[in-house]
Amino acid sequence: MHCPFCQHQDTRVIDSRVSDDGATIRRRRVCEACGERFSTLETIELKLPVIIKGDGRREAFDARKLRAGFDRALQKRPVSEEQIEAAVRAVVHHLRMTAERELPSRRVGEFVMAELRKLDHVGYVRFASVYRSFEDVADFREELDRLERDIPGDGQLPLLGEDEPRPDKKKR
């Protein structure tokens, strides 16, 4: 690495530290020529695939759009910011693991739906209704039936959280 002070080509690393999140390494360096010290940050550079939109346009992947989609689907739902961030990271991980240079937006939507299904069934149905362009109530019913079939146990979706008392049940 070139020294930013004298442009000498030989610098030496004197200390390396991994960031708290493990995504970067901070390196403290010293120039062999002028003795000046400086820091550099090293990060992993992974290319995400280009997204092919429904109309054929190609667009660079934008994590902000992905997050906005999760936020819209989960608006006013009992899902924490940490859970949403974890779901966004999971989708980005799926995109990286495809190892494809281009990916149809439909495939990204499938990754999002899989994560939403794990997080919140209402958010999942909200997203699915837009993603799959539901035309009428029958489309909603069909998706809800599919969701109920895939739920383990009695097939009922919980209306309240597991630890919240149900209004029809009295405490003893």
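General observations
- If only residues of segment 30-52 that are charged (D, E, K, R) and within 34 Å of the chain's Cα centre (by Cα) are counted, the one that is nearest to Arg106 (Cα to Cα) is Lys47.
- Condition met for Leu46 (outside any helix (DSSP H, G or I) and of a type in the set (A, V, I, L, M)): yes
- Residue check, Arg96 of a type in the set (D, E, K, R) and out of contact with any Leu (no Cβ under 7 Å at 6 or more places or on another chain): no
- Any hit, segment 2-21, residues being farther than 19 Å from Arg117 by Cβ, touching a residue at least 12 places away in the same chain (Cβ under 8 Å) and aliphatic (A, V, I, L, M): yes
- Residue satisfying all of: in segment 73-130; surrounded by fewer than 17 Cβ atoms within 10 Å (Cβ to Cβ) and acidic (Asp, Glu); nearest to Glu143 (Cα to Cα) among these: Glu110
- Within segment 1-19, the set of residues being within 16 Å of Thr43 (Cα to Cα) and exposed (fewer than 11 other Cβ atoms within 10 Å of the Cβ) is empty.
- Residue-level check: of (1) surrounded by 13 or more Cβ atoms within 10 Å (Cβ to Cβ); (2) at pLDDT below 95; (3) in a loop (DSSP other than H, G, I, E, B); (4) more than 16 Å from the chain's Cα centre (by Cα), Gly22 misses just (1).
- At least 2 residues being at pLDDT 90 or above is the threshold, and among the helices (runs of 4 or more DSSP H) wholly inside segment 56-172 those reaching it are 63-73, 81-98, 105-119.
- Considering segment 76-92, the residues that are of a type outside the set (Asp, Glu) and free of Cβ contacts under 8 Å to residues at least 24 places away in the same chain include one that is farthest from Val122 (Cα to Cα), namely Arg89.
The values are calculated or read from the model by the stated rules, or taken from the named source; none is laboratory data. In this text, all values refer to a predicted model and were calculated from it rather than measured experimentally. As a convention, Cβ positions derive from the backbone with ideal geometry for all residues, glycine included, and neighbour counts pool all protein chains shown.
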